[in-house]
1. On a full-extension model of 0.36 nm per residue, what is the gain between PHE25 and ARG93, subtracting their alpha-carbon distance, rounded to one decimal in nm?
2. Using a 7 Å offset from the Cα along the Cα-to-Cβ direction at both HIS73 and ALA150, what is the distance between the two label points in nm, to one decimal?
Amino acid sequence: MPTLYLLNVTLHLLAAVVWLAGIFFLALTETPAPRSRTAPAGTRGRDELERTLHVSRWAALAVLLVTGLLSLHFGGVLRDMHSATFWSSPYGRTLAWKLALVAATVVLAAAHDFLPAFRAARLDPASPERLRSRTYAAWLARANALLGIALLFASVRQVRGG
């Protein structure tokens, strides 16, 4: 196997780890705190951590998209994608599911990162609006984690031939 291909796959897997780790971190730790309607200690630090996490996740996504396209190129898939036969094959169907899951994950992540999470960071920590925003963000994170699990399954299936 060419070294460039192996390097590409390694970068793709590393970016997937960063992307999915960020999704699972948010899903497991982002609770609709503060249930008592008072701000917990360290809320500001948590907001800064989440902003840093969001930047690293989106950078990982950019790497995933580029290395994913390169993997399709190295595997000769890009030239076959115009064919209906390709999309009706087990590999093509699995790739279609994977691409749909990637799109859904990106949409949910964008909804999470750019709607309630950042809105909550600008609100008074003790306000009911902040609690509602964080609750909404927590549900988006959990839904995205479920999509991440489905995406992992589709990825394993794809590597195994569809």
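Readers should treat all values here as calculations from the given coordinates under stated rules, not as data from a laboratory. What you are looking at is a predicted structure, and each value in this text was computed from that prediction instead of being measured. Here the Cβ is made from the backbone with ideal geometry for all residues, glycine too, and neighbour counts use every protein chain on show.
1. 21.5 nm is the gain from fully extending PHE25 to ARG93.
2. Those two pseudo-labels are separated by 3.0 nm.
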